[in-house]
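See below for the structure under consideration.
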Amino acid sequence: MGVSDRTVLEVYRYLPENQTEPTFQTYEIDSQDNWVVLDALNHIKAEIDSTLSFRWSCRMGVCGSCGMMVNGEPKLTCETFIRDYDTMTVRIEPLNHFPVIRDLVINMDDFMEKLPTVSPWLIPDQDKPLDEGEYLQTPGQVARYKRFSMCINCMLCYSACPVYGLDSSFTGPAALALAERYNLDSRDHGRKERAATVTAHEGIWECTYVGECTQVCPKDVDPAGAIQMLKLSYALDWAKSVVMPKRGRS
Amino acid sequence: MTRELTKPLPRNWWLKKAAYFRFMMRELTSVAVLAYTLLIVWTLGSAANSGGFSTLYAFLSTSLSVSLHVVILALALYHTGTWIALTPKVMVLWRDDERVDPDFIAGVTGISFLMITGATIWLVLM
Amino acid sequence: MVEKMDSLQHDVLIVGAGGAGLRAAIAVARDHPGTSVGLISKVYPMRSHTVSAEGGAAAVISASDSLDDHAYDTIAGSDWLADQDAVEVLVENAPDEMLQLEHWGCPWSRDADGHVSVRPFGGMKLERTWYAADKTGFHLLHTLFQTALKFDAIIRYDEWFVTSLIVADGRCQGVVAIDIRTGEMLSIGAKSVVLCTGGGGRVYPFTTNGNIKTGDGMALAYRAGVPLKDMEFVQYHPTGLPGTGILITEAARGEGGVLLNNEGRRYLQDYGLGQPLDLKDPDHPRKQTMELGPRDRLSQAFIKEREAGRTFEGADGDYVELDIRHLGEREIDRKIPMVRELAVRYVGIDPVHDPIPVRTVVHYMMGGIDTDIQGATSLPGLFAAGECACVSVNGANRLGSNSLTEILVFGARAAVAAADHARRVSPPSNQLLENSAGSEQSRLETTLLRKDATYETTFGIRSDLQDALEEGAGIFRDKTTLERACSKITSLKERYENLVLTDTSRTFNTELVTALELGAMLDIGEAIAHSALARTESRGSHQRTDHPDRDDPGFLKHSLAYRSEGNPTIDYKNVTITRWPPGERVYGGE
């Protein structure tokens, strides 16, 4: 255990059975030097107030459960150290732009429903039998899409995106980045199939490139970059179809 | 039954975070650049029609006009900067397994912009 | 996700949506069109603990390798407790499962020629571990999850917690579950139920396992009369980060990392694991030697070093050092980037410049729900696969990179058996489903949710359970420590009867979920302690200091723990030996 420090956590509380408006509850705790915000929340739940509700599991930044607003910024709380905040008070709220089910638990149905619409699975040219072995793919070809395959669906990007905050019909950063992840995969031929959703009004063209999705991404996925790449590639497709209407696009 | 809480974005959302504000400025500078372009086209057009370039020259040399142009130049440069910063996002280049450094791409774009601008100025001043 | 219906019914209902559950769901949806599949999980699929697996998945691919070698390594690694017919199924199906994942888009790491790369792993004679850098489990889980989205036949119940199995007419006919979001309790009928709920490492205080790994599925089966097999075998991983228990993958050693004690010595050479090669030697790291020995032996060596005072003392407990500096920054970033990411973030050490502090940490349960080679349990209609099940391919010690393979091979296999079974039986009656939900609801209302004063807390009982198991059934155990653990658990179960929740609300009640999980943890903790007490020999991960030798005549057998009033009944059944008679485990080429 490291050095302990007095920390005040202001935590967003909302229980729909008893409240119509959220409140903030203050917990004063002795936090250890090596504690992340999630450790403090677990300490509160185990020792002070077992009614506080939040999601968490792997506590190593890969399951994507524990995204919350920490002092107004979307963060994975298992990777966010309390010692990095100069202020004695740390304010914890549910992720922005999502309906709140209870306390720090948000409703992410919207994302779960949007995800399949971008066909985030491999669409090969033709099905290859297993006995023909693997599709060959050089390390360079893997590198082309690898970054966009690192998304843990933590929803931080959605809560940083004002476009999504203003209009929740926007397909959004994580889902679109996954579309580009498959579009860039040398084994995939589903670009055309994904065009319908990706280039719809709610798709890439809704993005005005605020760029905050990339800034807050804890896994360095760069969804903003992915969306701009999608814009360029689908715009080129369209231009080619105008110039050479007879030639099929690949 | 659960009643979920939704909090709509406040109208001044873009004042809440420096990054949002910079984004809004970027969008507004594009409006300014467009407005200025239209203004130029309109003044040149009307000056050409009426054959009165001398009035235009006189106006352009006033201190009001000069300060207006300084402001417009600043806005245009800010907007150009955002485009240069965006280039490596769209133009992802690869050298075998290694991604070409985005800063390098932005740098090349920036230098190209300066050279083209310089060449244009030189041509005009000639 | 779920349309509310009067009665929810599926042909096949899969509980748990990690690697095994998703693979099972896809197997039914793709290969048995017209079969309705329910996939229920207490978390969203991509939160499942498969996501944390790092190093890779074993499958024979290179021409110099053979299925028999993979089988033999697995069996020797298991200290001959694995069922050899099951191991043969595992190794035979492994390559196709890996290729299938490749065809679904898994970003496996590649060689320059475009073929899939393989790396060495502990206890494996050859390089046969497929990997996606060091986030293999993450990529595997997301590939399966995204692929599963293709199939409309798969109906998901995300964030539903199963509280009991519906058993009637001698067969399993569905589950009762709480929709965590609303607190509503509903029955979901099914002709076949497949448990893919993972292990329960959280019964120990210091584990690599995520918060959700509480052995729920094992407890569901155990309470329905199905025995838990080989529960005394708990794997400690030799390299976890002090404090958090976050896993530093075995791939770090597969790529050449070495373990050092406080004298700077590669101490594994003192534990019958062979002689160290120079780090510059092209043969380093030598397979099945030193740092590439099996996990049970490495973890035991750590304890011995600690007893001899040759470990470092740290604020978060004693540790040894894992040194990967000689790999260089480029290789570390290319092959094991997450090792660096985790070490920098959680212990403030950049492994490019400094060795990483590591210590033993509970990682995996070899034991689980007793199933046959098809994944079927002794209860008709109930199947199990993955870490919650015990087929058994892992015996007394699992080799690293066999578990991801196991969830794929046996996830798919259990699904096929479940779909076959579903074709032969009739669906449960609405009456049965209604009654089951009703009685489960009143059970909760008269226990955990009763309005009463709180004398016990969920968290208090839980941490006492964790301490009881660590002290009594750790890496080394004996009769005294185990008896103490058994009696402690008995008293904890009594305390659990008095548990009343502070939070009695319906909406997303995580205290309720934690309390239900604790019930499961007490059941599997009891099975672990009693099975370990009854096995008076040492084998693999089960080391009895009072019975230090392996006893094949007495214990070349699987233990079976049956739930009963009071203490569990421990029975045994024979290990299936096909072609590899029990022998000595030899590591280090001696």
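The values are calculated or read from the model by the stated rules, or taken from the named source; none is laboratory data. This is a predicted model, so every value here is computed, not measured. Note that each Cβ is placed from the backbone with ideal geometry, even for glycine, and that neighbours are counted across all protein chains shown. For accessibility, only protein heavy atoms count, side chains too; no ligands or nucleic acids. Shrake-Rupley method; radii C 1.70, N 1.55, O 1.52, S 1.80 Å.
Give the residue, chosen from C:Gly588, C:Gly583, that is surrounded by 13 or more Cβ atoms within 10 Å (Cβ to Cβ), in contact (Cβ under 8 Å) with a residue 12 or more places away in the chain and out of contact with any Asp or Glu (no Cβ under 9 Å at 6 or more places or on another chain).
When all the criteria are applied, what remains is C:Gly588.
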Among the residues of the range C:207-243, the number that are within 14 Å of chain A (Cβ to nearest Cβ), at pLDDT 95 or above, open to solvent by 10 Å² or more (accessible area, probe 1.4 Å) and over 18 Å from C:Met521 (Cβ atoms) is 1
Exactly one of C:Ala468, C:Ala453 is part of a loop (DSSP other than H, G, I, E, B) and either without any contact (Cβ under 8 Å) to a residue 60 or more places away in the chain or touching a helix residue (DSSP H, G or I) at 6+ places or on another chain (Cβ under 7 Å) (or both), and that one is C:Ala453
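Residues are listed down the side, and each one gets a yes or a no for (1) open to solvent by 20 Å² or more (accessible area, probe 1.4 Å); (2) small (Gly, Ala, Ser); (3) modelled with pLDDT of 95 or more:
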residue	(1), (2), (3)
C:Asp296	no, no, yes
C:Gln300	yes, no, yes
C:Thr311	no, no, yes
C:Asp318	yes, no, yes
C:Asp323	no, no, yes
C:Arg334	yes, no, no
C:Pro351	no, no, yes
C:Arg359	yes, no, yes
C:Ile369	no, no, yes
Of the residues in the range C:374-415 that are charged (D, E, K, R) and in a helix (DSSP H, G or I), the one that is farthest from C:Ala57 (Cα to Cα) is C:Arg413
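Please verify whether C:Val118 is more than 25 Å from the chain's Cα centre (by Cα), modelled with pLDDT of 95 or more, among the hydrophobic types (A, V, I, L, M, F, W, C) and not assigned by TED's automatic domain parsing to the domain that holds C:Val258, treating the condition exactly as stated.
On the way: more than 25 Å from the chain's Cα centre (by Cα): no; modelled with pLDDT of 95 or more: yes; among the hydrophobic types (A, V, I, L, M, F, W, C): yes; not assigned by TED's automatic domain parsing to the domain that holds C:Val258: yes.
Answer is no for this residue.
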Does A:Val62 satisfy the criteria of being of a type in the set (A, V, I, L, M) and within 28 Å of A:Ser168 (Cα to Cα)?
yes
When the range C:98-144 is checked residue by residue, the ones that are buried (at least 20 other Cβ atoms within 10 Å of the Cβ), more than 10 Å from every other protein chain (Cβ to nearest Cβ) and basic (Lys, Arg) are C:Arg119, C:Arg128
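Pick out the one residue from A:Met88, A:Met150, A:Met112 that is of a type in the set (A, V, I, L, M, F, W, C) and more than 19 Å from C:Thr147 (Cα to Cα).
Working: A:Met150 fails: more than 19 Å from C:Thr147 (Cα to Cα); A:Met112 fails: more than 19 Å from C:Thr147 (Cα to Cα).
Of the residues listed, the single one that is of a type in the set (A, V, I, L, M, F, W, C) and more than 19 Å from C:Thr147 (Cα to Cα) is A:Met88.
Condition test on C:Thr147, is it open to solvent by 20 Å² or more (accessible area, probe 1.4 Å), of a type in the set (Ser, Thr, Tyr), modelled with pLDDT of 95 or more and not in a strand (DSSP E or B)?
Working: open to solvent by 20 Å² or more (accessible area, probe 1.4 Å): no; of a type in the set (Ser, Thr, Tyr): yes; modelled with pLDDT of 95 or more: yes; not in a strand (DSSP E or B): yes.
Spelling it out, it is not the case that C:Thr147 is open to solvent by 20 Å² or more (accessible area, probe 1.4 Å), of a type in the set (Ser, Thr, Tyr), modelled with pLDDT of 95 or more and not in a strand (DSSP E or B).
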If you go through A:Glu202, A:Glu134, A:Glu180, the only one that is assigned to a loop (DSSP other than H, G, I, E, B) and more than 8 Å from chain C (Cβ to nearest Cβ) is A:Glu202
Every listed condition ((1) in contact with a strand residue (DSSP E or B) (Cβ under 9 Å, 6 or more places away or on another chain); (2) modelled with pLDDT of 95 or more; (3) surrounded by fewer than 21 Cβ atoms within 10 Å (Cβ to Cβ)) holds for A:Met88 save (2)
Query - Verdict on B:Leu56 being away from chain A (no Cβ under 14 Å) and open to solvent by less than 60 Å² (accessible area, probe 1.4 Å) - result: yes
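This table checks each residue for (1) within 30 Å of C:His363 (Cβ to Cβ); (2) touching a strand residue (DSSP E or B) at 6+ places or on another chain (Cβ under 8 Å).
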position	(1), (2)
A:Thr26	no, yes
A:Asp33	yes, yes
A:Asp39	yes, yes
A:Glu47	yes, no
A:Leu52	yes, yes
A:Arg55	yes, yes
A:Gly67	yes, yes
A:Gly72	no, yes
A:Lys75	yes, yes
Checked pairs for the range A:196-207, first open to solvent by less than 50 Å² (accessible area, probe 1.4 Å), second among the small types (Gly, Ala, Ser), C-beta under 6 Å and 6 or more apart or across chains, list as A:Thr197/A:Gly203; A:Val198/A:Ala179
Exactly one of C:Leu522, C:Leu533, C:Leu499, C:Leu516 is open to solvent by less than 10 Å² (accessible area, probe 1.4 Å) and within 24 Å of the chain's Cα centre (by Cα), and that one is C:Leu522
A careful count of residues in the range A:90-113 that are in contact with a Lys or Arg (Cβ under 9 Å, 6 or more places away or on another chain), charged (D, E, K, R) and either more than 8 Å from every other protein chain (Cβ to nearest Cβ) or in a strand (DSSP E or B) (or both) gives 1
Those residues of the range B:1-18 which are surrounded by 15 or more Cβ atoms within 10 Å (Cβ to Cβ) and either more than 9 Å from chain A (Cβ to nearest Cβ) or not in a loop (DSSP other than H, G, I, E, B) (or both) amount to B:Leu5, B:Trp13, B:Trp14
Of those in the range A:215-250 that are without any contact (Cβ under 8 Å) to a residue 40 or more places away in the chain and in contact with a helix residue (DSSP H, G or I) (Cβ under 6 Å, 6 or more places away or on another chain), the residue farthest from the other protein chains (Cβ to nearest Cβ) is A:Lys231
Taking the conditions exactly as written (in contact with a Cys (Cβ under 8 Å, 6 or more places away or on another chain), open to solvent by less than 20 Å² (accessible area, probe 1.4 Å) and farther than 19 Å from C:Ile524 by Cβ), does C:Gly411 satisfy them or not? yes
C:Ser439 vs (1) in a helix (DSSP H, G or I); (2) closer than 29 Å to C:Ser187 by Cα; (3) open to solvent by less than 60 Å² (accessible area, probe 1.4 Å): all pass except (3)
Pairing a residue in the range C:425-449 that is among the basic types (Lys, Arg) with any residue that is open to solvent by less than 70 Å² (accessible area, probe 1.4 Å), where Cβ atoms lie under 9 Å and the two sit 6 or more apart in sequence or on different chains, gives C:Arg443/C:Thr163; C:Arg443/C:Ser164
Please determine whether any residue of the range C:345-360 is within 14 Å of chain A (Cβ to nearest Cβ) and hydrophobic (A, V, I, L, M, F, W, C). yes
(1) among the hydrophobic types (A, V, I, L, M, F, W, C); (2) over 16 Å from the mean Cα position of the chain (by Cα); (3) not in a strand (DSSP E or B) all hold for C:Ile212 apart from (2)
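From the list C:Ala27, C:Ala17, pick out the single residue that is in a helix (DSSP H, G or I) and either open to solvent by less than 20 Å² (accessible area, probe 1.4 Å) or not assigned by TED's automatic domain parsing to the domain that holds C:Phe145 (or both).
Numbers: C:Ala17 fails: in a helix (DSSP H, G or I).
Going through C:Ala27, C:Ala17 in turn, just one is in a helix (DSSP H, G or I) and either open to solvent by less than 20 Å² (accessible area, probe 1.4 Å) or not assigned by TED's automatic domain parsing to the domain that holds C:Phe145 (or both): C:Ala27.
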